[in-house]
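We did not get these values from a lab; they are worked out from the coordinates using the rules stated. Since we're looking at a predicted model, the values are computed, not measured. Note: ideal-geometry Cβ built from the backbone for every residue, glycine included; neighbour counts use all protein chains shown.
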Amino acid sequence: MKRILAVIDLQNVFADPASPWFTPRFHEVVPRIHRLATAFGDDVVFTRFIAPPRPEGAWRRYYEQWPFALQPPDAPLYQLAAPFQPLSTVDATTFGKWNPRMATRVGGAGLVLAGVSTDCCVLSTALAAADAGVAVTVVSDACAGADDESHAKALDIMRLYAPLVQVATTEEVLAK
């Protein structure tokens, strides 16, 4: 089965230690993600979390807690971290990146997920894609969470969704 690699939200806002959203193991997963992206070639999609122009519903409270994030999509914090500079990204104002554009890009292929944060955007994307009938593989050592405990808990939750969601290492994914 053909597979598409989705690199979830590998953005400066999660890479910068000065950011309130800093993901501590971000820089540890970048080399593994680079290996995966190289191996998948043209079958890679990069996503970005961006703020909406005007938050609605519960998102209003969210941005009251995180007002620094109310910046336009072209703000430096929302750009992908080096060395990744794809020609386009799938952007969403939601944690989950399984949206019509991602669904069209994936088609009938399997979806391999890497990126940040395991316990938020990766988890939300994995479960929505699985609900849509997509075979999902989460690359455990190419994802980083808000902290190690949250990362491990999120992986444990996703394992509960087997066989729709599988959890594998970079080496296991590259061996297929």
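So the values come out like this:
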{"quantity": "Rounded to 5, the percent of DSSP beta bridges in the chain classed as antiparallel", "calculated": "5"}
{"quantity": "Residue order, fewest to most beta carbons within 10 Å, for 148, 74, 141", "calculated": "74, 148, 141"}
{"quantity": "Ranking of 27, 151, 34 by count of other Cβ atoms within 10 Å, fewest first", "calculated": "27, 34, 151"}
{"quantity": "For the chain, size of Cβ-based charge dipole, Lys and Arg +1, Asp and Glu -1, in debye", "calculated": "440"}
{"quantity": "Between helix 148-159 and the chain: long-axis angle, C-alpha atoms, 0 to 90°, nearest 10", "calculated": "50"}
{"quantity": "Sequence-distant residues sharing a close amide H with residue 110 (under 5 Å, placed H)", "calculated": "2, 3, 4"}
{"quantity": "Between helix 26-40 and the chain: long-axis angle, C-alpha atoms, 0 to 90°, nearest 10", "calculated": "50"}
{"quantity": "Computed label-point distance, nm, for sites residue 28 and residue 87 using a 7 Å Cα→Cβ extension", "calculated": "3.6"}
{"quantity": "Residue-span extension gain [residue 104 to residue 172] - 0.36 nm each, minus C-alpha spacing", "calculated": "21.9 nm"}
{"quantity": "Length added when fully stretched, residue 16-residue 62, from 0.36 nm per residue minus Cα-Cα", "calculated": "14.5 nm"}
{"quantity": "Fewest-first ranking of 102, 1, using other Cβ atoms within 10 Å as the exposure measure", "calculated": "1, 102"}
{"quantity": "Cα-based reach from residue 97 at 18 Å (exclusive), listing lysines while leaving out same-chain residues under 8 positions away", "calculated": "none"}
{"quantity": "Contour minus Cα-Cα distance for residue 148 and residue 2 (0.36 nm per residue)", "calculated": "49.5 nm"}
{"quantity": "Stokes-Einstein D for the range 3-175, Kirkwood Rh over Cα pairs, 20 °C, 1.002 mPa s (µm²/s)", "calculated": "134"}
{"quantity": "Cβ-placed point charges (K, R +1; D, E -1), dipole of the range 1-82 about Cα centre in debye, nearest 20", "calculated": "220"}
{"quantity": "Furthest towards positive pole of dipole, 108, 24, 143, structure part the chain, Cβ charges", "calculated": "108"}
